[in-house]
Amino acid sequence: MTSRPGVLVTRRIPARVLQALETRCEVDLHTGQAPISREELLRRVRGKHALVCLLTDPVDREVLDAGSDLRIVANIAVGYDNLDVAYARSRGVEVTNTPDVLTEATAEFTWGLILAVTRRIPEGERLLRAGGWKGWALDFMLGSELRGKQLGIVGLGRIGLAVAVRAPAFGMRVAYATADPVPAARAGSLPVPQMEPQSFDQLLATSHVVSLHVPLTATTRHLIDGTALARMKRTAYLVNTSRGPVIDEAALAWALGEHLIAGAALDVYEGEPAVHPDLLALENVVLAPHLGSATTETRTAMADLAVRNVLAVLDGQPALTPVP
Ligand code: GLV
């Protein structure tokens, strides 16, 4: 780099990572608690050479046109449905995401949701805090056991596989439906269990827990609609740590209210941070505020990877993790 390039960072990032960026670049950091407003984003991206943004920042044609000097957009997220990748590329702008570094944290969190919903942990805590617990009883707040049942993974990419490899610890067998090539060689440190490939409809009809791990695309939007929910067993649970619009929330609220399925656990929503009001009123759904990758270690690694992508591209080197 000859002169110090300008970088807009749309949210606070860990101090150590910010310092690494500041040693090489002029950093314009949005420090507010809320996401940067559209107006601010359009104003402050002008003249910048790099944009470090979050999944809450839509980076569309208007933003890319405003940022006509941009050489890279580095999304601090593995998902990149908030970015117009094709348009960025047509302008010669590199686009990167943060795969791998969040796989384990998201898989761990998915299992947290599976256990929370099948054993009714948040529901029990709500009842206890409200003073409703009258003591131990043989038939009190019974959940459903995992052992001997089928976990159905929809989308067997990195995170889907990381969830699958943890299933034997709970005595579950695994089925998967995927459009991705089967990643036999990408199992992290845990052995890959026997996994049965199934059609999407077969997986819905035979799984005790259906866990979603697809990216949000035109094909996967409302993949889980009323028809899909009706295919599931009445005793089954749906878990979503991917993207909210993969589920038709109104249809899910209806299915949960009618007990067409036993329960759901969600980390992501169609209109974040809004949650469908009917879901808020139901007991048989666990609602988390998009925490899948939210560990100190992982969020630091995500920011660090985004910054390393920026520095590489501004140095004229290839990006480390360009979006596919
Ligand atoms: C989080 O949802 C991510 O895509 O990283």
Notebook entry, point to check: Once phi is turned into θ = phi - 60°, what whole-Hz ³J(HN,Hα) does the Karplus curve with 6.51, -1.76 and 1.60 give for every residue of the stretch 164-176, x standing for Gly and Pro?
Noted result: 4, 5, 8, 5, x, 4, 9, x, 9, 8, 10, 10, 9
Next item on the list: Select from ALA177, ALA281, ALA294 the residue whose mean-square fluctuation is largest in a Gaussian network model of the chain (Cα-Cα springs shorter than 10 Å).
Entry: ALA281
Checklist line | Calculated [θ] (222 nm, deg cm²/dmol) that DSSP helices of n ≥ 4 give over the chain, each run adding -39,500 (n - 2.57) | finding: -9000 deg cm²/dmol
Check: Once phi is turned into θ = phi - 60°, what whole-Hz ³J(HN,Hα) does the Karplus curve with 6.51, -1.76 and 1.60 give for every residue of the stretch 41-46, x standing for Gly and Pro?
Finding: 4, 5, 6, 7, 6, 4
Next item on the list: Report, for the stretch 103-287, the % of DSSP beta bridges that are antiparallel, rounded to 5.
Entry: 5
Note to self: If I model a spin label at ARG129 and GLU39 as a point 7 Å from the Cα along the Cα→Cβ vector, what separation in nanometres do I get?
What the structure shows: 3.7
Note to self: Assuming 0.36 nm per residue, please report the length gained on full extension of the stretch ARG16 to LEU282 beyond their Cα-Cα distance.
What the structure shows: 91.6 nm
Next item on the list: With a 1.4 Å probe and every protein chain left in place, work out the accessible area per residue of the stretch 200-310 in Å², rounded to a whole number.
Entry: 40
Notebook entry, point to check: Hey, in the GNM for the chain with a 10 angstrom Cα cutoff, which one of THR56, THR23, THR178 fluctuates hardest?
Noted result: THR23
Note to self: Once neighbouring chains are kept in place and the probe is 1.4 Å, which whole percent of the accessible area of the chain is contributed by carbon and sulfur?
What the structure shows: 55
Check: Label-point separation (nm) for THR227 and LEU190, each offset 7 Å from Cα along Cα-to-Cβ?
Finding: 3.3
Check: Using 0.36 nm per residue, how much length does the chain from GLU258 to ALA169 gain when fully extended, once their Cα-Cα distance is taken away?
Finding: 28.8 nm
Next item on the list: Just read off the accessible area of PHE170 with the full protein assembly in place, 1.4 Å probe, to the nearest 10 Å².
Entry: 70
Next item on the list: Any chance you could run the full-extension gain for THR219 through GLN202? It's 0.36 nm times the residue separation minus the Cα-Cα distance, nm to one decimal.
Entry: 4.3 nm
Notebook entry, point to check: Which one of ALA77, ALA255, ALA175 has the biggest mean-square fluctuation once the chain is modelled by GNM with Cα springs under 10 Å?
Noted result: ALA255
Margin query: Along the Cα→Cβ direction, 7 angstrom out, place labels at SER90 and LEU142. What is the inter-label distance in nm?
Written below: 5.9
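The values are calculated or read from the model by the stated rules, or taken from the named source; none is laboratory data. Values in this document were obtained by computation on a predicted structure and should not be read as measured data. Note: ideal-geometry Cβ built from the backbone for every residue, glycine included; neighbour counts use all protein chains shown. Only protein heavy atoms, including side chains, enter the accessible area calculation; ligands, DNA and RNA are left aside. Shrake-Rupley method; radii C 1.70, N 1.55, O 1.52, S 1.80 Å.
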